[in-house]
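The values are calculated or read from the model by the stated rules, or taken from the named source; none is laboratory data. Just so it is clear, the model here is predicted, and its values are computed rather than measured. Please note: Cβ atoms are built from the backbone with ideal geometry, for glycine as well, and neighbour counts cover all protein chains shown.
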DNA sequence: TTAATATATGCAAAAGATTATATATATCGT
DNA sequence: ACGATATATATAATCTTTTGCATATATTAA
């Protein structure tokens, strides 16, 4: 009669029920970020960040794409995207502000920011 | 700039991120239930059920009301109600079906059901 | 008062999640 | 090929959650 699978649903919620993972997801739903940026955002050691990313990746919530030395992550689960929007508000597509992420690494994104600052 | 408290939000999600608690909440958002019904619904020992109820009560998600020997619980957190609706679908106000809860206890609700069956 | 029923609490064992740290791999520049 | 940088993995220690079980309380009925 009621065919909700509470096991599956609660397991999916558990993925979000962690402060640092939520923070990562909130950043990634705006635009793809590389690990170095997330490391700066969280202020945690790199292996810690990579572990959370692995967790989210293996849960099917985020996807990775390698670009040179860097790996960019993005949210790739539509259901989780919708949940994040409900929980954290709609993300504003035009203003791609740097939201707390401040690094000076050599990744492609920083390179392009540095170019536009120089111009 | 972004004043989301990921600690608080993730703590609130953790309350829902548990299969038996989700099942309880799904029952309670339809209508108040007493402990004996929830015990039958979960098929778990009574102290287990009372413990989950205490957890939810202390998290401010459900409220209790004593009626004679029985204690009826209901969801009393509007935000969580809204989340449940998003996660599990809208609950249909008119058809208060007994959804899986089948007991023959002496609580007021069962008494009234038994009365209408006898009539 | 005693027994029965409904519910709650306390506590410890077991299971699971989180975090830190050491190390591995892979890519790039020289 | 070598060193530097970016990222990943493995493992173990710690911490938290979950669960089971014994017992307590409170209400009703006899």
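Data table
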{"item": "Scope the stretch B:1-21; condition within 9 Å of chain A (Cβ to nearest Cβ) and either part of a loop (DSSP other than H, G, I, E, B) or touching a residue at least 40 places away in the same chain (Cβ under 8 Å) (or both); matching residues", "result": "B:1, B:2, B:4, B:5, B:12, B:15, B:16, B:17, B:18"}
{"item": "Condition check for residue B:45: more than 14 Å from chain A (Cβ to nearest Cβ) and surrounded by fewer than 16 Cβ atoms within 10 Å (Cβ to Cβ)", "result": "yes"}
{"item": "Selection within the stretch A:94-105 - at pLDDT below 65 and either in a helix (DSSP H, G or I) or farther than 19 Å from residue B:6 by Cα (or both)", "result": "A:94, A:95, A:96, A:97, A:102, A:103, A:104"}
{"item": "Unique residue being closer than 26 Å to residue A:89 by Cα and within 11 Å of DNA strand C (Cβ to nearest atom) when the list is B:13, B:38, B:25", "result": "B:13"}
{"item": "Residue count, the stretch B:48-71 (criterion: more than 8 Å from DNA strand C (Cβ to nearest atom), surrounded by 15 or more Cβ atoms within 10 Å (Cβ to Cβ) and within 13 Å of the chain's Cα centre (by Cα))", "result": "6"}
{"item": "Complete set of residues in the stretch B:66-90 that are at pLDDT below 95, within 27 Å of residue A:79 (Cβ to Cβ) and more than 11 Å from every other protein chain (Cβ to nearest Cβ)", "result": "B:90"}
{"item": "Residue match in the stretch B:28-39 (condition: assigned to a strand (DSSP E or B), over 20 Å from residue A:4 (Cα atoms) and without any contact (Cβ under 8 Å) to a residue 12 or more places away in the chain)", "result": "no"}
{"item": "Every residue from the stretch A:64-80 that is closer than 20 Å to residue A:13 by Cβ and either in contact with a strand residue (DSSP E or B) (Cβ under 8 Å, 6 or more places away or on another chain) or within 11 Å of DNA strand D (Cβ to nearest atom) (or both)", "result": "A:75, A:76, A:77"}
{"item": "Near pairs, Cβ below 7 angstrom, 6+ apart or cross-chain, from the stretch A:58-71 (more than 24 Å from residue A:18 (Cβ to Cβ)) to any residue that is part of a loop (DSSP other than H, G, I, E, B)", "result": "A:70/A:107"}
